[in-house]
Amino acid sequence: MVGADRRRERIDALIRALEAGGLDALLVTARPNVRYLTGFSGSAALVVVTRADVLLVTDFRYGAQAQAEAGAVARVVVERANVWERLFQELPGLGPLEWVGYEAHVLTVKDAERLTGPEAPAGPWRWRAAGELVERLRERKDPDERRAIRAAAELASLALARTLEAVRPGLTELEVAGLLEGHLRRLGSEGHPFPTIVASGPRTALPHARAGRRAVEAGEFLLVDFGATVDGYCADITRTVVVGGRATGSQRALYELVRAAQHRVREGLRPGMTGAEADALARDLITARGFGDAFGHSTGHGLGLEVHEAPRLSKTNAAPLPVDAVVTVEPGVYVAGQGGVRIEDDVHLSAEGPVLLSDGETELLELV
């Protein structure tokens with residue numbers, strides 16, 4: 001659990017970013033950013049951070065929760081009617097404000113019009129799109145965050161192991177997903193960070209297949225991509241196994257190619273290399289083996305309060321990977337009409353090198 005001292009450090013870092021950008025305050029509306037700064041995990045909150053104050057406005061449903069989770073770092077105001085109207089009532093009391101930033105990348109058109117539209121309340125402040133200020137802070141994971149992600153990954157691995165004990169030919173993809181999600185909940189996952197992907201046979205060639213009613217047949221690949229959540233932080237793991245038989249030569253060759261690419265990234269990742277350089281560790285190997293066109297997604301992505309966040313391990317990302325980022329490493333090869341393989345682990349980019357947070361157990365499993 002992230003404590004109040006750590007949250008104050010985050011708020012102080014944001015204030016420094018505001019000062020550097022010529023802003024007097026920031027209106028925070030993205031739910032993951034609200035939780036990162038204040039600890040509040042409810043679904044309705046407006047937060048304003050200034051040099052001298054942190055205001056959190058929520059509605060009646062969350063009054064007690066907001067005070068318990070965020071009261072140590074924020075002044076909580078509970079509004080029974082319209083939280084936006086209450087925000088505008090509170091703004092003049094936050095001190096002299098000239099420029100107030102807002103998170104344009106997450107605001108709906110309707111909410112943006114509340115700020116800058118023709119009916120927006122008048123005040124001495126002016127609004128400015130601020131960019132992803134909090135998201136940049138979130139790229140670097142502190143020890144509390146890394147512990148939560150590791151705990152989520154350990155929980156996910158145990159849930160998968162218990163699920164695979166029951167997997168056999170004849171079960172449908174939906175049944176496998178149900179078994180897995182049940183184990184995740186029983187072991188303590190707060191939720192599912194994204195819809196669980198379970199694909200079998202030729203459907204493993206669909207990178208984001210939805211679990212369906214197809215029954216798993218003997219000798220087929222079964223691909224499972226899923227997550228767990230602990231203290232709000234996500235783990236994201238993918239494993240590909242063979243059900244009800246031994247792998248064929250072609251299955252094993254495809255699997256070992258993806259496994260080699262995944263290990264190359266896991267071992268070669270370093271803070272400071274660009275996202276494109278990290279992606280190339282996997283992509284160059286897969287391309288050299290003739291499967292470049294069958295690897296159409298990025299090698300990985302950041303992981304934290306959201307299952308997909310910065311930084312990206314992508315051939316289009318020229319930015320350096322920051323120290324203490326946590327990323328997924330998940331190359332895949334997908335052969336249409338035949339099947340595919342993806343293998344995914346979660347990795348901390350420490351100053352000393354990559355550190356696995358998930359179990360890293362990627363030997364091909366044959367469930368015979």
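The values are calculated or read from the model by the stated rules, or taken from the named source; none is laboratory data. Because the structure is predicted, anything quoted here is derived from the model rather than measured. Quick reminder, even Gly has a Cβ in these numbers, built from the backbone with ideal geometry, and neighbours come from all protein chains shown. With ligands, DNA and RNA removed, areas are computed over all heavy atoms of the protein, side chains included. Shrake-Rupley method; radii C 1.70, N 1.55, O 1.52, S 1.80 Å.
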Fill in the blank from the handout: Residue hits (the stretch 306-320; surrounded by fewer than 24 Cβ atoms within 10 Å (Cβ to Cβ), of a type in the set (A, V, I, L, M) and in contact with a helix residue (DSSP H, G or I) (Cβ under 9 Å, 6 or more places away or on another chain)) are Ala310, Ala318, Ala319
Handout entry: Sole residue being more than 23 Å from Val2 (Cα to Cα), open to solvent by 10 Å² or more (accessible area, probe 1.4 Å) and touching a Phe, Trp or Tyr at 6+ places or on another chain (Cβ under 9 Å), chosen from Glu165, Glu175, Glu181
Key = Glu181
Practice task
Take Arg266 and decide whether it is in a helix (DSSP H, G or I) and under 19 Å from the mean Cα position of the chain (by Cα).
Solution key: yes
Exercise for the section: Take Pro311 and decide whether it is touching a Gly at 6+ places or on another chain (Cβ under 6 Å), part of a strand (DSSP E or B) and of a type outside the set (Phe, Trp, Tyr). Expected result: yes
Handout entry: Test result for Ala64, loosely packed, with under 14 Cβ neighbours inside 10 Å and farther than 21 Å from Asp231 by Cα
Key = no
Handout entry: Test result for Arg239, among the charged types (D, E, K, R) and either farther than 23 Å from Ala153 by Cβ or more than 24 Å from the chain's Cα centre (by Cα) (or both)
Key = no
Problem - Among the candidates Arg75, Arg35, Arg31, residue that is open to solvent by 30 Å² or more (accessible area, probe 1.4 Å), at pLDDT 95 or above and over 21 Å from Arg136 (Cα atoms) - result: Arg75
Handout entry: Any hit, the stretch 248-258, residues being modelled with pLDDT of 95 or more, within 27 Å of Ala318 (Cβ to Cβ) and either of a type in the set (Val, Ile, Thr) or open to solvent by 20 Å² or more (accessible area, probe 1.4 Å) (or both)
Key = yes
